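A.B. asks: Dropping the structure in here first, questions after.
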Ligand SMILES: Cc1cc2nc3c(=O)[nH]c(=O)nc-3n(C[C@H](O)[C@H](O)[C@H](O)COP(=O)(O)OP(=O)(O)OC[C@H]3O[C@@H](n4cnc5c(N)ncnc54)[C@H](O)[C@@H]3O)c2cc1C
């Protein structure tokens, strides 16, 4: 490394955070090995083979405000390969579909009374301004929004609209998270999707790391991590042990805690965040649905609480002429739904989608695939800004770069790339462990 040499750096996890960290470190001249436990890179942004295509397991898009990610795409020569399209939003309430984009749509949104519609519109325009100067990190989202919008708007619209990722816990999450999210999405209706899908970005990152002399290993699950003198000892399958001068772990903290030996576990930050997982079904349809990219589904007899339609964003070419629709439900990894059999979820959710869209028939559904992820969204407690663990685990050669570190930013590829850069810069400035 040009600034100061941290020696051999091992990055654990080959999701976007691990890939971007390794990419940054290699660019700065470090010796890097990336260890990915599965047989594919990309983590939550990874893909699966569908006929002769590669399709993301979980829906992903780029926002125009994703500066860190767009900058990385620039470095990889991929920025111009992002296609930007205006996208629209719908809402399904009690089985009825509404467009939800313009002031006129709001005025016609009959699930809310006229006064609530006006109040919703007026407060939404002012919301970001109303949050300035307030300690939103210590304010419950529900308290803040119920006060501003009233009970009915909170229950019918806001909790389903923004709360899906946190489920019933959304009301308790700091209002700062929502405030940041509104800043990221704002009134933006333009979204981007990379040509070649997210696989093109993942492949380019791997190529860049390897071209810079970094080593990328798949099927290399870390089984144990411990500090041995000034180095870190990483046990892999069999008897293989990798020694590192510094380690960057991108694993969710509960997973890392399970891998750490007793000594290291005692030094890890004592932040016990619950995480939401996700259950996600992909419908490959022979005909399009409504043309809305995102549609929250409220009180409509479905287990999924939202639909993402890729056709308005990516067209049908990436999916062999099919219209790809993701149905999702964020849920605890110990919930009955999460533990349910994929085939059973696919069958039930297909019936529910058909009931919601009577114009569709079984023949229109070419194929359904189900994917789940156990650790997606950390559920932040109030005051998390001061509880958020530092990236450096004091007194050890270990650094942490996880979704629990990006708060108050929204968990996304963009915030992970920003975090990766922060971690790489930290390593360059302090190549030796900071005393505990
Ligand atoms: C349904 C859904 C929709 C989303 N939509 C968007 C979107 O539209 N735009 C956006 O920017 N972001 C989106 N995100 C968020 C984004 O995917 C995540 O914030 C981001 O991928 C997190 O990256 P990460 O590298 O921190 O973690 P992960 O992607 O979870 O990567 C962790 C990696 O570590 C590996 N690993 C685990 N255990 C071990 C071990 N013992 N040894 C070695 N490796 C191990 C895993 O296999 C994985 O590859 C979405 C996420 C989901 C689930």
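A.B. asks: Could you grab me the full set of residues in segment 130-175 that are free of Cβ contacts under 8 Å to residues at least 60 places away in the same chain and over 25 Å from residue 113 (Cα atoms)?
C.D. replies: Passing the criteria: 131, 132, 133, 134, 135, 136, 175.
A.B. asks: Exactly one condition in (1) without any contact (Cβ under 8 Å) to a residue 60 or more places away in the chain; (2) part of a helix (DSSP H, G or I) is not met by residue 420; state its number.
C.D. replies: (1)
A.B. asks: Next up: It is to be established whether one or more residues within segment 60-69 are farther than 30 Å from residue 121 by Cα and either within 12 Å of the ligand (Cβ to nearest atom) or touching a residue at least 40 places away in the same chain (Cβ under 8 Å) (or both).
C.D. replies: Yes: one or more hits.
A.B. asks: Give the residues of segment 407-427 that are surrounded by fewer than 22 Cβ atoms within 10 Å (Cβ to Cβ) and near the ligand (Cβ under 9 Å from one of its atoms), sorted by residue number.
C.D. replies: Hits for segment 407-427 are 410, 411.
A.B. asks: Out of 222, 232, 216, I need the residue that is more than 11 Å from the ligand (Cβ to nearest atom), under 25 Å from the mean Cα position of the chain (by Cα) and under 16 Å from residue 9 (Cβ atoms). Which one?
C.D. replies: 216
A.B. asks: Looking for something out of contact with any helix residue (DSSP H, G or I) (no Cβ under 6 Å at 6 or more places or on another chain), in the same structural domain as residue 17 (by TED's automatic domain parsing) and part of a loop (DSSP other than H, G, I, E, B) - is there at least one such residue anywhere in segment 403-417?
C.D. replies: yes
A.B. asks: Considering every residue within segment 365-379, establish whether at least one is more than 14 Å from the ligand (Cβ to nearest atom), part of a loop (DSSP other than H, G, I, E, B), in contact with a helix residue (DSSP H, G or I) (Cβ under 7 Å, 6 or more places away or on another chain) and more than 16 Å from residue 6 (Cα to Cα).
C.D. replies: yes
A.B. asks: Return yes or no: is residue 336 out of contact with any strand residue (DSSP E or B) (no Cβ under 9 Å at 6 or more places or on another chain), without any contact (Cβ under 8 Å) to a residue 12 or more places away in the chain and surrounded by fewer than 20 Cβ atoms within 10 Å (Cβ to Cβ)?
C.D. replies: In short, yes.
A.B. asks: Also, quick follow-up: Can you tell me which residue in segment 240-273 is surrounded by the fewest Cβ atoms within 10 Å (Cβ to Cβ), limited to those that are within 19 Å of the chain's Cα centre (by Cα) and in a helix (DSSP H, G or I)?
C.D. replies: 254
A.B. asks: Of the numbered conditions (1) buried (at least 20 other Cβ atoms within 10 Å of the Cβ); (2) away from the ligand (no atom under 15 Å from the Cβ), residue 74 satisfies every one except a single condition; which is it?
C.D. replies: If we test residue 74 against (1) buried (at least 20 other Cβ atoms within 10 Å of the Cβ); (2) away from the ligand (no atom under 15 Å from the Cβ), just (1) comes out false.
A.B. asks: If you don't mind, another one. Considering only residues that are surrounded by 13 or more Cβ atoms within 10 Å (Cβ to Cβ) and within 30 Å of residue 196 (Cβ to Cβ), which ones fall in segment 85-121?
C.D. replies: Scanning segment 85-121 gives 85, 87, 88, 89, 90, 101.
A.B. asks: Does segment 267-275 contain any residue that is away from the ligand (no atom under 16 Å from the Cβ) and in contact with a strand residue (DSSP E or B) (Cβ under 7 Å, 6 or more places away or on another chain)?
C.D. replies: Within segment 267-275 (the criterion being away from the ligand (no atom under 16 Å from the Cβ) and in contact with a strand residue (DSSP E or B) (Cβ under 7 Å, 6 or more places away or on another chain)), the answer is no, since none of the residues qualifies.
A.B. asks: Take the residues in segment 28-46 that are in contact with a strand residue (DSSP E or B) (Cβ under 6 Å, 6 or more places away or on another chain) and away from the ligand (no atom under 12 Å from the Cβ), then tell me which one is nearest to residue 319 (Cα to Cα).
C.D. replies: Of everything passing the filter in segment 28-46, 32 is nearest to residue 319 (Cα to Cα).
The values are calculated or read from the model by the stated rules, or taken from the named source; none is laboratory data. Predicted model, so just to flag it, every value in this text is computed and none were measured. Cβ sites come from the backbone with ideal geometry, for glycine too, and all protein chains shown count toward neighbours.
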